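> One structure follows; several queries about it will come next.
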Amino acid sequence: MAVARMATRSHGVVTRRQPLAAGVSRREIAHRLATGALLQEHRGVYRVGHRAPSVEARYLAAVLACGEGALLSGQAAGHLWSLLKGAAPMPEVTAPTERRIAGIRTRRSRTIDPADATTCRGIPVTTVPFTLIALAAQLDAEELARACHEAGVRYDTTPRQVDDVLLRRPNAPGTRQLRAVLHGDVKVSLSKLEARFIALLREHELPLPQTNRPAGARRVDCRWPLQRLTVELDGYRYHRSRHAWEQDRRREREARARGDDFRRYTYGDVLERPELMLAELKALIASTEGALPDAPSVVAVPRTKS
């Protein structure tokens, strides 16, 4: 029972040291392994037999097998943070000492700053900004752009936060590609909502905005710099919580602080009743014809997370 109680707090995974420290004998551990009450995942790392396997259990077992200071990293970390779609990649772990363990892609790094380590779902893992830097060496530009977009939407990750980590890792592979993505030189794949919005603009011969590019401290969905207009497209998936509501209001205040007019359009505005939205945009854009390009802002944009 002691082993089962330990396992419930860690996705059904325990190390050999844990039951020994709780008074379970080596003979009892061997008996449980023989009967299937414990299943060996890696040397010295077990999963309680009655618990169904999960991605979290697999990833945590891999981290524990790599020893003190190990962190889930790379594409496995990207999957855990929900930055990457599709099937779970094989465990990838970065550790201070070199390890070679079957079924785990391991990397050695003695230079991971404590600020780059955290936990997600109870699993030691690299932070979202650090994970994006690792992904930059593994993904093509389109895939990396999607991951950066997900990081901004899900965790309010900003280009500045990633740049802060890059200062500590200036020679990280893929840095040039990552900077291009972060600063808008690579197009981010559009969601259905954004794709339909752009298609409507083209159909009605309206000027196209910059999309998913930095403006001040964070990315914005759509911006017309010449017209000083910012548009945010609100899908229900990412805008239904109180936190999201608060951040949406902050995003609006920052747009107005840099001198932009601001509009927010929903799924219904774009895909179900676009006529009013298009009429409003036509009027806004027409009213700014002949406007000057952006001038340096005299209003300081707060550095708080979005």
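> Those residues that are of a type in the set (A, V, I, L, M, F, W, C), open to solvent by less than 50 Å² (accessible area, probe 1.4 Å) and either outside any loop (DSSP other than H, G, I, E, B) or over 15 Å from residue 62 (Cα atoms) (or both), I need them from region 97-122; list them, please.
Let us first name the residues in region 97-122 that are of a type in the set (A, V, I, L, M, F, W, C), namely 101-102, 104, 112, 115, 117, 120.
Okay, now just the ones that are also open to solvent by less than 50 Å² (accessible area, probe 1.4 Å), so 101, 104, 112, 117, 120.
Residues satisfying the conditions are 112, 117, 120.
> Is at least one residue of region 125-138 open to solvent by 40 Å² or more (accessible area, probe 1.4 Å), among the polar types (S, T, N, Q) and more than 17 Å from the chain's Cα centre (by Cα)?
No.
> Pairs only if they're at least six apart or on different chains, beta carbon under 7 angstrom, first in region 23-43 and more than 24 Å from residue 91 (Cα to Cα), second among the β-branched types (Val, Ile, Thr); list them, first residue then second.
Taking only residues 6 or more apart or on different chains, the pairs are 24/3.
> Next question. Please enumerate the residues belonging to region 46-79 that are under 15 Å from residue 18 (Cβ atoms), out of contact with any His (no Cβ under 8 Å at 6 or more places or on another chain) and of a type in the set (A, V, I, L, M, F, W, C).
48, 63
> What number goes with the only condition from (1) crowded, with 17+ Cβ neighbours inside 10 Å; (2) of a type in the set (D, E, K, R); (3) modelled with pLDDT under 80; (4) not in a helix (DSSP H, G or I) that residue 251 does not pass?
Against the list (1) crowded, with 17+ Cβ neighbours inside 10 Å; (2) of a type in the set (D, E, K, R); (3) modelled with pLDDT under 80; (4) not in a helix (DSSP H, G or I), residue 251 comes up short only on (4).
> Does residue 87 qualify as being at pLDDT below 95 and closer than 28 Å to residue 41 by Cβ?
Yes; evaluated as a whole, the condition is true for this residue.
> Going residue by residue through region 11-34, is there one that turns out to be closer than 21 Å to residue 137 by Cα and in a loop (DSSP other than H, G, I, E, B)?
No, that holds for no residue.
The values are calculated or read from the model by the stated rules, or taken from the named source; none is laboratory data. On a predicted model such as this, the values are computed, not experimentally measured, just so you know. Here Cβ is always computed from backbone atoms with ideal geometry, including for glycine, and neighbour counts include all displayed protein chains. Side chains are part of the model used for accessible areas, which takes the heavy atoms of the whole protein and leaves out ligands, DNA and RNA. Shrake-Rupley method; radii C 1.70, N 1.55, O 1.52, S 1.80 Å.
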